[in-house]
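Chemist: The structure under discussion is supplied below as structure tokens; questions concerning it will follow.
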Amino acid sequence: MNYQEAISYLEGLKIFGIRLGLTRIERLLELLGRPQDRYRTVHVTGTNGKGSVSAMVEGALRRSGIHTGFYSSPHLVSYTERIRVDGQAISEQDFAEGMTVIRAKIDLMLAEGAECPTQFEVLTALGFYYFAKCQVEYAVIEVGLGGTLDSTNVITPEVSVITNVTMEHADKLGGTLQSIAENKAGIIKDGVPVVTAAKGEPLSVIRAVAEEKSADIFVAGEDFSSKFISCDGRVQQLEFSSELLGIDHQPYELHLLGVHQVENSAVALMTLRLLHNIDARLTMETVTEALRLVSWPARFERLDFGAQTVIVDGAHNPAGMRALRSSLDAIFPAEERVLLLGILKDKDIDAMLAILLRPNDTVVVTVPQSERADSAADLLRRVAPTVQHVEAFEANKEALDRALELANGEKLLVIAGSLYLVGGVREMLLQRKG
């Protein structure tokens, strides 16, 4: 297969939808020679923040001279973004070659009478296969959905990370906060330490599973924490403390913006401290250098175009919107805002809008690139009672043009609501900048 044929094959697998379970991925990986066992891993789940934490951990490992893999989802523009080695996305040629190998193994599975793997399972297998081929030393693996039955849950990591637990994907994860927490706690392995920022009932669930698995647990706000010191709109000044580790107010700078990144970076730092215990190459010097440099596209990402400042954020649920609103209020409190929004119809749209919008905001609504997208007309209807001015455009380019016109270099432009929107719009912005 060439790259286009590989993408067509992947797209064809969407007919199988989301089918949680490990039987298919385990058989596929067995036929590939269990590539996931050939390197050390860090496994990261959580409702929000798992991508940012994964990026920080991978960046610190790489800055320490360690050969790294990074598997994440979803992508913003290209499937190749999901599979990275030493910070570089897999090439289209390597993607196609890996898919050719995997498709042959899938044909064997089908000949055995097995079910065809889902699209996410095939991408997971490709990531694991490619990391082994590249002989990475560590791979940071971000969970796709939940934990227990997610196709990434076939590894035994050095550290399991659960950023937080809130109500999302409840229809697929049991319908309650407790069942969602149980699913995410499913990544905990016997004797493998756990780092978490979960609170309340989810934390109780995670503690119980950790105790059952004889896994040491390290909890944000109890065993470690980070404190916000200042932010100049481009870099955050923070301090990390852990009485457990004998660390008191250790300063560091963080390139990632947003109040939620204070806790996320604390989780990453605690995880890296545990990894330091098994790999001395990972030092506080290289970790702090990495945090000063690490970026994670479309997560409260600041882009400047002359006088126009744009914040691109993939917030797509109430918790994400809460983090976005808090960060905007903390870092850009006085600025008038133009918001370019597109949201999926299966999200809690009214709750998201109630959290994010201010009465004096100007809003442009459009349609994310997904069959699950809410229509521009419906989103306009929901937004209209809340703000002073709202317009709707079906086409993302027209919506972006109008939002930039309304912001006019004088107001802050915020693009949010769905990764299916911000990925493409971000690409349009970068093409203009180029």
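The values are calculated or read from the model by the stated rules, or taken from the named source; none is laboratory data. Just so we're clear, the structure is a prediction, and the values are computed from it rather than from any experiment. Please note: Cβ atoms are built from the backbone with ideal geometry, for glycine as well, and neighbour counts cover all protein chains shown. Surface accessibility is based on the protein's heavy atoms, side chains included, excluding ligands, DNA and RNA. Shrake-Rupley method; radii C 1.70, N 1.55, O 1.52, S 1.80 Å.
Chemist: So which pairs qualify, if the first residue must be in the stretch 144-158 and among the aliphatic types (A, V, I, L, M), the second must be part of a loop (DSSP other than H, G, I, E, B) and open to solvent by less than 20 Å² (accessible area, probe 1.4 Å), the Cβ gap must be under 7 Å, and the two must be at least 6 apart or on different chains?
Modeler: The qualifying pairs are LEU149/GLY21.
Chemist: Next question. Please give the number of the condition ARG292 fails out of (1) buried (at least 18 other Cβ atoms within 10 Å of the Cβ); (2) modelled with pLDDT of 95 or more; (3) closer than 23 Å to GLN237 by Cβ.
Modeler: Unmet condition: (1).
Chemist: So in the stretch 406-422, with the set limited to residues that are touching a strand residue (DSSP E or B) at 6+ places or on another chain (Cβ under 9 Å) and part of a helix (DSSP H, G or I), which one is most open to solvent (accessible area, probe 1.4 Å)? Please lay out each step first, then the result.
Modeler: From the stretch 406-422, those touching a strand residue (DSSP E or B) at 6+ places or on another chain (Cβ under 9 Å) are 406-418, 420-422; that's our starting set.
Still in the list and also part of a helix (DSSP H, G or I): 406-407, 420-422.
Details: LEU406: 40, ALA407: 1, TYR420: 101, LEU421: 0, VAL422: 0 Å².
Step by step, filter the stretch 406-422, then rank; the result is TYR420.
Chemist: Can you tell me which residue within the stretch 1-41, out of those that are among the charged types (D, E, K, R) and closer than 30 Å to HIS276 by Cβ, is most open to solvent (accessible area, probe 1.4 Å)? Steps first, please.
Modeler: So in the stretch 1-41, the residues among the charged types (D, E, K, R) come out as 5, 11, 14, 19, 24, 26-27, 30, 34, 37-38, 40.
If we keep only those that are closer than 30 Å to HIS276 by Cβ as well, we get 34, 37-38, 40.
Working: ARG34: 99, ASP37: 91, ARG38: 139, ARG40: 96 Å².
Ranking the qualifying residues of the stretch 1-41, first place goes to ARG38.
Chemist: Can you tell me which residue in the stretch 1-27 is nearest to ALA268 (Cα to Cα), limited to those that are part of a helix (DSSP H, G or I) and polar (S, T, N, Q)? Step through it out loud before you land on a result.
Modeler: So in the stretch 1-27, the residues part of a helix (DSSP H, G or I) come out as 3-16, 23-27.
Add one more test, that the residue is polar (S, T, N, Q), and what stays is 4, 8, 23.
Details: GLN4: 36, SER8: 36, THR23: 31 Å.
By that ranking, first place goes to THR23.
Chemist: Still on this structure, please answer the following. How about the stretch 74-106: which of its residues are among the acidic types (Asp, Glu) and within 24 Å of GLU30 (Cα to Cα)? Give the steps one after another, and end with the answer.
Modeler: Just the residues of the stretch 74-106 that are among the acidic types (Asp, Glu), to begin with: 81, 86, 92, 94, 97.
Those that are among the acidic types (Asp, Glu) and within 24 Å of GLU30 (Cα to Cα): ASP94, GLU97.
Chemist: Another question, if that's okay. For the stretch 295-316, check the following and say yes or no: at least one residue is assigned to a helix (DSSP H, G or I) and either at pLDDT 95 or above or buried (at least 19 other Cβ atoms within 10 Å of the Cβ) (or both). Spell out how you get there, then give the answer.
Modeler: Of all residues in the stretch 295-316, those assigned to a helix (DSSP H, G or I) come to none.
The answer is no; no qualifying residue exists.
Chemist: Take the stretch 28-43 and flag every residue that is part of a helix (DSSP H, G or I) and either at pLDDT below 95 or aliphatic (A, V, I, L, M) (or both). Talk me through it step by step, then tell me what you get.
Modeler: Taking the stretch 28-43 first, the residues part of a helix (DSSP H, G or I) are 28-31, 35-37.
LEU28, LEU29, LEU31 - these are the residues of the stretch 28-43 that are part of a helix (DSSP H, G or I) and either at pLDDT below 95 or aliphatic (A, V, I, L, M) (or both).
Chemist: For the stretch 344-379, give me each residue that is under 21 Å from the mean Cα position of the chain (by Cα), more than 28 Å from HIS255 (Cβ to Cβ) and open to solvent by less than 10 Å² (accessible area, probe 1.4 Å).
Modeler: LEU344, ILE349
Chemist: Residues ALA334, ALA319: which one is modelled with pLDDT under 95, aliphatic (A, V, I, L, M), assigned to a loop (DSSP other than H, G, I, E, B) and open to solvent by 10 Å² or more (accessible area, probe 1.4 Å)? Before the answer, list the steps.
Modeler: Details: ALA319 fails: assigned to a loop (DSSP other than H, G, I, E, B).
Exactly one residue qualifies, and that residue is ALA334.
Chemist: Moving to a separate point now. Taking the condition of being in contact with a Phe, Trp or Tyr (Cβ under 9 Å, 6 or more places away or on another chain) and farther than 20 Å from VAL425 by Cα, how many residues in the stretch 347-366 meet it? Full working, then the answer.
Modeler: We begin by selecting, within the stretch 347-366, every residue in contact with a Phe, Trp or Tyr (Cβ under 9 Å, 6 or more places away or on another chain); these are 364-366.
This time we only want the ones that are farther than 20 Å from VAL425 by Cα, so: none.
Total meeting the criteria: 0.
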